[in-house]
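Novice: This is the structure I have questions about; it appears just below.
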Amino acid sequence: MTAVRAIGSRAAFWCAALLIMGCQTMTVQQVGDTPVINAQAEIPEEQLLDVGIHVFDGGEISDEGRVKKGLSEEIRATESRYASIRLRETVQRSGHWGAVRVLPTDTHAVDVLVKGTIRESDGESLALEVRAADASGRQWFTAVYEKAVSVDAYRDPDRQEVFQDIYNRIANDLYQEKNALSPEQLREIRRIARLRFANTLAPQAFDGYLAVTEDGQYRIQRLPAEGEPMMERVMKIREREHLLIDVVNGYYDNLYADLEEPYFGWRKARSEEAEALREIKQKATNRYLLGAALIVGAIAVEALGGSSNTDSLRDAMVLGGAYSVKRGADLSSQQEIHKDAIRELGESFAAETAPLVVNVEGQTVELTGSAEQQFQQWRDLLGEIYATETGAPLIPSDTPAALRAP
């Protein structure tokens, strides 16, 4: 999946950009009708990998996107959560995985980490850049998934997610990468994920269990003894982090439920306004061209000279040309109505969050701020719990990775 497939002008753009940046080769896929590849048999538990889908980056919005498409950072922030949750649901339903969760921030508590960036989203087209890697440091793929739809897609009475094929393709690519690994490789990924989490939480106790190669791959140097008390404590903390992430995912589920209808409505209305704007632009252009052609024709008739009959024809052409130009100007003025409508639709589309009240270790703790901020507060609290239980020094969860052991 590391070969570049130049598909259309956009594919050429991404390839050129990657060559300039000298980054990892990226696949660009124009996505068509794509069903999900579902598991056909029960998968042994030791081969089930947990997947974490980091909340997507909203990407950058161009000036054209702001002015002409009515887009904003607030809309992208909502879309980034929507896309992450939609992908989680799709991957989970495929049946190839263990737990699939949306992550507010990075964590070593998962076996496979998926990150994404919204490159384009305006209701009529969607482009997602997706990167996937497992806990061993193995890079699975980096790809851009693109799809464009017409406004008719929103008029389907079934009201399906119009870009579901993109999420299906990503889920299928994840499965193909996992399917290429042996059962032993899958088990090793699970072991490395546990050791990386343990090393992050207690680097003094788990130093030397993992080694990092020059290309960033993690290798197991040794394993803790069966029933090792420190490891058991760490795994309990890991279970608490999973529960924490599940609580945050409950928040995302509520957000998704509240968001699905207005988000669908905004995209549908914006697409309809954009289509109407294009039609008016085309009509105005046609009127301008017709008017110009008639006036040029009248000038040609005048230059050739003629009788009173040609004079009448010339005058009619001038009048007709003037009327067509005026009609084109009238149509152009109507464009502002649709432009204003698109801007107003964007401004009215917003979603708000509320504090979560959760129970930790028998204490009721109120967490405030966004889901991402609440998750950070949770992780700090779990670190305090571990330090209290083990007597280990507390390392803040936001300590840079460079200051920690591998």
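Novice: So, in Å, what gap is there between the alpha-carbon centers of region 151-169 and region 197-235?
Specialist: Answer, in whole Å: 45.
Novice: Highest mean first, how do 36-42, 168-174 rank when packing is the count of other Cβ atoms within 10 Å averaged over residues?
Specialist: Highest to lowest by the protection proxy: 168-174, 36-42.
Novice: How would you rank 75-84, 219-228, 257-266, highest first, on the average number of other Cβ atoms within 10 Å across their residues?
Specialist: 75-84, 257-266, 219-228
Any read-out appearing in this document is the output of simple, stated calculations on the displayed coordinates, not a laboratory observation. What you see is a predicted model; the values in this text were computed from it and never measured. Heads up, the Cβs are rebuilt from the backbone with ideal geometry, glycines too, and the neighbour counts pull from every protein chain shown.
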